[in-house]
Amino acid sequence: MERPLKILRLGEASVSHRDVARVARGELPVVLSDEGPWRERMRRTRQAVDERAAGPDPFYGVNTGFGASCVNPVSVAFGLELAQNLVRFHGCGVGPPFGREEGRAVLVARLAQLAAGGSGIRLSTLEAMVRLLAEDIVPCIPELGSVGASGDLTPMSYVAAVLGGDREVIFRGRICPAREALAAVGLPPIELGPRSPCRS
């Protein structure tokens, strides 16, 4: 019989639905792998995104619009504004928010996917997501409403917004502004940047 993990090290092994459930209940702490090869792979994929973003060629969603607007170039000067507007645009969920455990499950599932290393996300962003779990800061994500082929753009917009200090969270038994909760644990809001549209 498989022995239960005492700590979930993302980047070292696959994550099972049992792992997700235990993290959601607060029974299994989460950390990022400290293995050199994994961190180097994350660094290289991030470097590839940065280099492509700095180049002249179209880079979907980084220096172009989205969807049918992908033929429209976007100046590097407006890159941050483009990312912020994308998050705001998809914040259109409806219905009651997921509960604490469901929100934590969303966080760890996305962390596991990003830790696979194919998206070019910054390690600092993953570290901030791990801090959300450690401090039990849970994004308020509406139960209904999404867009896109993956079906997760709206729920993930709420996670991204919280990382940037926007929208609301469940924290210490109540709903409060995300910026208030982040400040309470000394976690500065992150600044959005380019990320590869490729999925792991």
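Just give me the residues in region 22-38 being in contact with a helix residue (DSSP H, G or I) (Cβ under 7 Å, 6 or more places away or on another chain) and assigned to a helix (DSSP H, G or I), in sequence order. Matches in region 22-38: VAL23, ALA24.
Across region 26-42, the number of residues qualifying as more than 29 Å from GLU102 (Cα to Cα) and either touching an Asp or Glu at 6+ places or on another chain (Cβ under 9 Å) or surrounded by 14 or more Cβ atoms within 10 Å (Cβ to Cβ) (or both) comes to 2.
Filter region 136-152 down to residues that are outside any loop (DSSP other than H, G, I, E, B) and either at pLDDT 95 or above or crowded, with 18+ Cβ neighbours inside 10 Å (or both), then give me how many there are.
Within region 136-152, residues that are outside any loop (DSSP other than H, G, I, E, B) and either at pLDDT 95 or above or crowded, with 18+ Cβ neighbours inside 10 Å (or both) number 2.
For region 85-93, state whether one or more residues are surrounded by 14 or more Cβ atoms within 10 Å (Cβ to Cβ), modelled with pLDDT under 95 and farther than 30 Å from GLY26 by Cα. Checked region 85-93: at least one residue is surrounded by 14 or more Cβ atoms within 10 Å (Cβ to Cβ), modelled with pLDDT under 95 and farther than 30 Å from GLY26 by Cα. Checked against the criterion of being part of a loop (DSSP other than H, G, I, E, B) and not aromatic (Phe, Trp, Tyr), region 45-52 contains not a single residue that satisfies it. LEU133 passes every criterion in (1) in contact with a strand residue (DSSP E or B) (Cβ under 8 Å, 6 or more places away or on another chain); (2) over 23 Å from ALA13 (Cβ atoms) apart from (2).
Checking every residue in region 9-18 against the condition of being closer than 23 Å to GLY103 by Cβ and assigned to a helix (DSSP H, G or I) gives at least one match.
Out of everything in region 94-126 that is among the β-branched types (Val, Ile, Thr) and in contact (Cβ under 8 Å) with a residue 60 or more places away in the chain, what residue ends up being surrounded by the most Cβ atoms within 10 Å (Cβ to Cβ)? Here the residue is VAL108. Scanning region 53-67 for residues that are under 15 Å from ALA83 (Cβ atoms) and assigned to a loop (DSSP other than H, G, I, E, B) yields PHE59, TYR60, GLY61, VAL62, ASN63, GLY65, PHE66. Within the group ALA161, ALA181, which residue is more than 12 Å from the chain's Cα centre (by Cα) and in a helix (DSSP H, G or I)? Testing whether each residue is more than 12 Å from the chain's Cα centre (by Cα) and in a helix (DSSP H, G or I) leaves just ALA181. Only residues that are modelled with pLDDT of 85 or more and either touching a helix residue (DSSP H, G or I) at 6+ places or on another chain (Cβ under 8 Å) or in a loop (DSSP other than H, G, I, E, B) (or both) were counted in region 69-84, giving 1. Of the residues making up region 63-85, those that are among the hydrophobic types (A, V, I, L, M, F, W, C) and under 17 Å from ILE190 (Cβ atoms) are LEU80, LEU82, ALA83.
The values are calculated or read from the model by the stated rules, or taken from the named source; none is laboratory data. Because the structure is predicted, anything quoted here is derived from the model rather than measured. Cβ: placed from backbone, ideal geometry, glycine included. Neighbour counts: every protein chain shown.
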